[in-house]
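Asker: Take this structure, written in structure tokens, and hold onto it; I'll ask about it next.
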Amino acid sequence: MGKWWRSLARAFWALDRVLGGQRRPTRFQKWVGRHPIKAGLYTALPPTLFFTFFFWLVSDEEEPDNLLFPVIGGLVMGLVFGLVAASERLRQRRLKRLGIWDGS
């Protein structure tokens, strides 16, 4: 990697400290850190289904063609939440490494 990668990582962890990243994780944060893919899916599935159903209801056609928009929106939402959950996992690893949290 390079010098720019280290400086980017340092900036990320500095921002994390400012936002309270040195605190012990809550029970929900522990679960999210252990299951980032499930967290992304669980947060994306209900809105995706709701908006797909909504688009289907308001459509004038019998088989609407515009259902791709809510599905792609839900996938993007799941990706964003999954990446946030993965960053929570990295934060928890860092807390263990620094000795701030024992992992229990």
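Asker: Which lysines have a Cα lying under 24 Å from the Cα of residue 38, excluding residues fewer than 8 positions away in the same chain?
Answerer: 30, 96
Asker: Considering the options 75, 101, 35, tell which one lies farthest towards the positive end of the dipole of the chain, charges being +1 on Lys and Arg and -1 on Asp and Glu at the Cβ, about the Cα centre.
Answerer: 101
Asker: If you don't mind, another one. Taking H placed 1.01 Å from N in the peptide plane, check which residues at least 5 places from residue 101 or on another chain put their amide H under 5 Å from its amide H.
Answerer: Here 96 satisfy the definition.
Asker: Right, something else. If I fit a long axis through the Cα atoms of helix 68-98 and take the longest principal axis of the Cα atoms of the chain, what angle between them do I get, 0 to 90°, rounded to 10?
Answerer: 10
Asker: To one decimal place, what orientation-averaged projected area in nm² is obtained for the convex hull of the Cα set of the chain? Mind dumping the intermediate values first?
Answerer: Details: hull surface 36.1 nm².
Average of the hull's projected areas for the chain equals 9.0 nm².
Asker: Where the only charges are on Cβ atoms (+1 Lys, Arg; -1 Asp, Glu), what is the dipole of the stretch 3-98 about its Cα centre, to the nearest 20 debye? Don't skip to the end; give the middle numbers.
Answerer: Numbers: 16 positive and 7 negative charges, 384 e Å.
Dipole of the stretch 3-98, to the nearest 20 debye: 1840 debye.
Asker: Can you tell me the orientation of helix 36-58 relative to the chain, as the angle in degrees between its alpha-carbon axis and the longest Cα principal axis, to the nearest 10?
Answerer: 20
Asker: What percent does the relative contact order of the chain come to when contacts are Cα pairs within less than 8 Å and at least six residues apart?
Answerer: 37
All of the numbers you see were taken from the coordinates with simple rules; none came from a lab. Just so it is clear, the structure is predicted and the values come from calculations on it, not from any experiment. Cβ coordinates were reconstructed from backbone atoms using ideal geometry, including for glycine residues, and neighbour counts include every protein chain displayed.
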